[in-house]
Structures are given as structure tokens and as C-alpha cells.
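Chemist: Here it is, the structure, as C-alpha cells.
The values are calculated or read from the model by the stated rules, or taken from the named source; none is laboratory data. Since this is a predicted model, take the numbers as computed values, not measurements. Note: ideal-geometry Cβ built from the backbone for every residue, glycine included; neighbour counts use all protein chains shown. SASA here: full protein model, heavy atoms, side chains in, ligands and nucleic acids out. Shrake-Rupley method; radii C 1.70, N 1.55, O 1.52, S 1.80 Å.
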Amino acid sequence: MAFVGNSAASRDIAYAIHPYTNLKVHETEGPLVITRGDGVFVYDDGGKQYLEGLAGLWCASLGFSEQRLAEAAYAQMKKLPYYHIFASKSHDVGIDLAEKLVKLAPVPMSKVFFANSGSEANDTVVKLVWYYNNALGRPAKKKILSRIKGYHGVTVASASLTGLPNNHRDFDLPIANILHADCPHYYRFQEAGETEEQFASRLADNLEKQILTEGPDTVAAMIAEPVMGAGGVLVPPKTYFEKIQKVLRKYDILLIADEVICGFGRTGNMFGTETFGLRPDMIVVAKALSSAYLPISGVMMSDKIYQALVVESEKIGTFGHGFTYSAHPVPAAVALETLKIYEERDILGHVRRVMGSLQDGLRRFADHPLVGEVRGVGLIGAIELVADKKTRRPFDPKLGIGSYCVKRAQEHGLIVRALGDSVAFCPPLIISEAEIELMLTRFGTALEDTHTMMRDRGLAAA
Ligand SMILES: Cc1ncc(COP(=O)(O)O)c(C=O)c1O
């Protein structure tokens, strides 16, 4: 057997597989081992502090040391550590959370189905869309539209919805009946002389053409993140959702809002649905629902969908879907406490007070020679680095410029994420203005390091 050292890093290399990691490179470079958190900061095993500029994975909305959530989990563990909601069983926290979510929904919703992750929730969405159309006697209406660069998870169906090549390649995905529509990123995909509104109109026209080519009677639903997160923090162009929703309504196609990142204040409203004027038939929530302290997700659905599930389950004799941990009482208790904290501390009001500092602060980098586009809304944003500012020419991906910049940021005590050559920012919602400024300062240093490296390697003008 190969020698395994005692350090956390060598045991990590010996035993753990890391998602979204080049596994070969990891064997030599090893992990960053985080051991504790405090507010918007986390600390590694050497005691070094990092400002968590991505709230972990866009999720730790209340930061990394909210004692009330720890206490809510402990109290629930002592009272009822587990129960399920199969076969008409229920429990008080699951009921409370379902009621709370339905009342919080930005458009009328009737019921909530609970799962444990965004991926499971989106897999559930796919099954519900199919079940719904079978209930309505439309067995051919099954195709689900997603968008290129959309991110909806990694399970078989949700990875198929995801519109990123690395989630399909060599996993033999996507599955049948999943279609990918245009990516609504104006900066990258605009045509010469096209305004944002014209770009949105073209995408809506293309969507209609795609539906007509497939046959409207075969297209069941479209899923969309209000702001596309993992695809690069892509804020929809003006009038986009208004125009595509018109097309969807015309062909009786459901809209599903994937609010896994945008939900609970991220975009400056409780839901991205409000920020961008969506009228979804289903809303998927996860992440900030529990501030990520424990895994829980939910699919909210309109009464129209729910009534179809009732008909079909009556016909079959049961609604044959559900997870052992659907509405698990401990994450449900943590989610309830999270929602209570959002209200009591007016987290949304706080986001609205500080989000200008993030958006203005990010735009301070717009004139930098490496910066192509600065984009964002609320407390989410990205800076896209490009080889040529004028022509918007991207870097050769092999150069790994975004990754280099993010590594330098880490060196300077800031954790952010490279999505290709876009650097994403999505700090905990509790971040203060001073901490936003610290985040921007640390990023600025990393950007200068990146520029210096490029000059040294002859990749940028001296
Ligand atoms: C918009 C969106 N949907 C779904 C998912 C998948 O969630 P999970 O990783 O919990 O399965 C993510 C994860 O980042 C996401 O950003």
C-alpha cells in the first residue's frame, strides 16, 4: 500500500474525491483545508483568514457562525431527530416550513415538495412535468427547455438540464427530451449594432422557432435561473423574460424558476422572480433556504400543477415519488430559523442598503485593461477577463487566466470562483460595506498580480 502521511492534506489526497476538480492536478497540489468560520470569514488549518466571497457555493447567506442555526438544529435533534412524511405521516416542522414557503412565494403557489439538494429538486421538476402532462392526457408533451450555460445540478436529469459541456461530456448526457435554448448573455452573443432589447427579441424569436421545429405539442416546460449563476453570473438582458414568457404562454409551456441561487434576497428582492418579472408555474429553492447549514431544497408548485398530481396519483393509487429525507425535521427546523432570522434582522433591507457598494465597487474595475465586462445585480456579480477589450476576444482557455486570478486572490485572503475567465462574487448576505471594500481591495491586488504575470510572460503589453 502507498505511504499516506498524517497531514490532513495527504490524507485528503489519499481518500477523497473532489467535485469540479482536476483530479490529477489535485494529487500534486492538494487541498485548501478549511477548519472554522466566523461571519463572512473562514480559516484554514494554518490559521489563515479568507473572506468568503462566494458564500461557499453561493449559499451560506448568514455567514459561517450563526449560533441560532446551530441551536435550532440541536433542539430539533433532541426533540425529533428524524421522521418522514411518506404515506400521510407528517411532523410539525415540515408543516410549518411548507406553510411558510407557500406564504412567502412571489407568485401564487399551492404546495411544496421537499428534497435535499438543488439537483434532487430539479430532478423532481422533470418528473413532475412528465407526470403532469400524463395526467392531462398529453403523453407527447414531454420535452423540457433549458438554456446553454444554465446550471441546474448534476444528477442524471438535472445535469441534462444544465447547459455546460463538462457536465455532459463522457457522462453520456443529456438524456432524451431535453432541449437547450440560446444563452441570454448580451456581451458575448450580441450581433453587431444590436441593442439589448433587440438581442432579447432575437432570442425570443429563436425560442419560438425552436418550439415550432420540435412541435409545440411536444414541448412541456422551460426551466430558467433568473440570474444564471455557475454559467458565469449572467444577468438577463432588458425585456428578455417578458418576451420569452410571451412565447411560452402562446404554446402552453410551463415556466420553472430555478431560484436555487437567487432565492431569499440575493438579487435585492426576496426572489429573482420579482426582480425580473417572472410568472413561474414552479419555483425551486435550496441553498439560502437553510443558509446551507443543513441540506434542504423545495419545489413549490401552482395549484394547476398540484391538481394534476392529485388526479394522477388517484388513478395510480399513490404519488410514487419521495426521498427518505424529504422534509427531514432537522434541516427543516434550520430552514425555519433561517427564514425567521431573515425577517427579524431585515436581511433584505440590509442587502438593499449594501448592494450598491458591491455593484459600484465591481464597476471600478471596468476600465482595467484585462476587464471585458462587469455585471451583476444585488449581491451577486462577476468580472469577465478578456484578451482584447475592444473586440471582446476571450483568452485561450488553456492559459487559465481566470483560475490564476482566483489563486492570487486566495493568496491575498479572498475566496472567489473562476467560471472560465469570469470571476464570480456572491458573498454572504450579511456582508458589511467595510467587508465589501476589503473584498474589492483583495481582488484588486489579485487582478494586478494577474496583469503583472501576463506582462512577464509577454501576454500583455508592458
Ligand atoms: C441554479 C442552481 N440550480 C441547481 C443547483 C444544484 O444544486 P445542488 O448542488 O444542491 O445539487 C445549483 C448549484 O449550484 C444551482 O446554482
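Chemist: So in region 1-15, with the set limited to residues that are touching a residue at least 12 places away in the same chain (Cβ under 8 Å), surrounded by 10 or more Cβ atoms within 10 Å (Cβ to Cβ) and of a type in the set (A, V, I, L, M), which one is farthest from Trp58 (Cα to Cα)?
Modeler: If we take residues in region 1-15 being touching a residue at least 12 places away in the same chain (Cβ under 8 Å), surrounded by 10 or more Cβ atoms within 10 Å (Cβ to Cβ) and of a type in the set (A, V, I, L, M), then Ala14 is farthest from Trp58 (Cα to Cα).
Chemist: Find all pairs meeting these conditions: Cβ atoms under 8 angstrom apart; at least six residues apart or on different chains; first residue within region 332-356 and part of a helix (DSSP H, G or I); second residue acidic (Asp, Glu) and surrounded by 18 or more Cβ atoms within 10 Å (Cβ to Cβ).
Modeler: Ile341/Glu66
Chemist: Among Lys111, Lys103, which is the only one that is away from the ligand (no atom under 16 Å from the Cβ), open to solvent by 60 Å² or more (accessible area, probe 1.4 Å) and in contact with a Phe, Trp or Tyr (Cβ under 6 Å, 6 or more places away or on another chain)?
Modeler: Of the residues listed, the single one that is away from the ligand (no atom under 16 Å from the Cβ), open to solvent by 60 Å² or more (accessible area, probe 1.4 Å) and in contact with a Phe, Trp or Tyr (Cβ under 6 Å, 6 or more places away or on another chain) is Lys111.
Chemist: Moving on to the next point. Free of Cβ contacts under 8 Å to residues at least 60 places away in the same chain and under 30 Å from Tyr151 (Cα atoms) - does that describe any residue in region 42-56?
Modeler: The answer is yes; a qualifying residue exists.
Chemist: Test each condition in (1) under 24 Å from Glu312 (Cβ atoms); (2) part of a helix (DSSP H, G or I); (3) away from the ligand (no atom under 16 Å from the Cβ) for Arg138 and report the one that comes out false.
Modeler: (2)
Chemist: One residue is enough: does region 301-308 have a residue meeting the conditions over 20 Å from Arg352 (Cα atoms), open to solvent by less than 10 Å² (accessible area, probe 1.4 Å) and within 15 Å of the ligand (Cβ to nearest atom)?
Modeler: No, there is no match, as no residue in region 301-308 is over 20 Å from Arg352 (Cα atoms), open to solvent by less than 10 Å² (accessible area, probe 1.4 Å) and within 15 Å of the ligand (Cβ to nearest atom).
Chemist: Quick check on this structure: which one of Arg375, Arg392, Arg442 is charged (D, E, K, R), at positive phi and in contact with a strand residue (DSSP E or B) (Cβ under 9 Å, 6 or more places away or on another chain)?
Modeler: Arg392
Chemist: If the Cβ limit is 7 Å and pairs must be 6+ apart or interchain, which residue in region 250-269 that is hydroxyl-bearing (Ser, Thr, Tyr) pairs with which residue that is more than 10 Å from the ligand (Cβ to nearest atom)?
Modeler: Qualifying pairs under 7 Å: Tyr251/Ile211; Tyr251/Pro216; Tyr251/Val219; Thr267/Thr275; Thr267/Val377; Thr267/Gly378; Thr267/Ile380.
Chemist: Separate question: Tell me yes or no: at least one residue of region 379-400 is over 24 Å from the mean Cα position of the chain (by Cα), open to solvent by 20 Å² or more (accessible area, probe 1.4 Å), under 18 Å from Leu362 (Cα atoms) and touching a residue at least 12 places away in the same chain (Cβ under 8 Å).
Modeler: yes
Chemist: Could you tell me whether any residue of region 17-28 is open to solvent by 30 Å² or more (accessible area, probe 1.4 Å), among the charged types (D, E, K, R) and free of Cβ contacts under 8 Å to residues at least 40 places away in the same chain?
Modeler: Yes: one or more hits.
Chemist: Condition test on Ile223, is it crowded, with 24+ Cβ neighbours inside 10 Å, within 13 Å of the ligand (Cβ to nearest atom) and β-branched (Val, Ile, Thr)?
Modeler: Yes; evaluated as a whole, the condition is true for this residue.
Chemist: Sticking with this structure for a sec: Which of the residues that make up region 148-191 are assigned to a helix (DSSP H, G or I) and more than 11 Å from the ligand (Cβ to nearest atom)?
Modeler: Hits for region 148-191 are Val156, Ala157, Ser160, Pro165, Asn166, Tyr186, Tyr187, Arg188, Phe189.
Chemist: Considering each residue of region 332-374, count those that are open to solvent by less than 10 Å² (accessible area, probe 1.4 Å) and either basic (Lys, Arg) or out of contact with any helix residue (DSSP H, G or I) (no Cβ under 9 Å at 6 or more places or on another chain) (or both), and give that number.
Modeler: Selection size over region 332-374: 1.
Chemist: Something else: Name the residue, out of Ile95, Ile85, that is surrounded by 13 or more Cβ atoms within 10 Å (Cβ to Cβ), free of Cβ contacts under 8 Å to residues at least 12 places away in the same chain and away from the ligand (no atom under 16 Å from the Cβ).
Modeler: Ile95
Chemist: Okay, next question. Can you tell me which of (1) more than 20 Å from Glu120 (Cβ to Cβ); (2) in contact with a helix residue (DSSP H, G or I) (Cβ under 9 Å, 6 or more places away or on another chain) is the one Lys389 doesn't meet?
Modeler: Condition not satisfied by Lys389: (2).
Chemist: State whether the residues of region 256-263 include one that is open to solvent by 10 Å² or more (accessible area, probe 1.4 Å), farther than 27 Å from Lys141 by Cα and of a type in the set (Gly, Ala, Ser).
Modeler: No, every residue in region 256-263 fails to be open to solvent by 10 Å² or more (accessible area, probe 1.4 Å), farther than 27 Å from Lys141 by Cα and of a type in the set (Gly, Ala, Ser).
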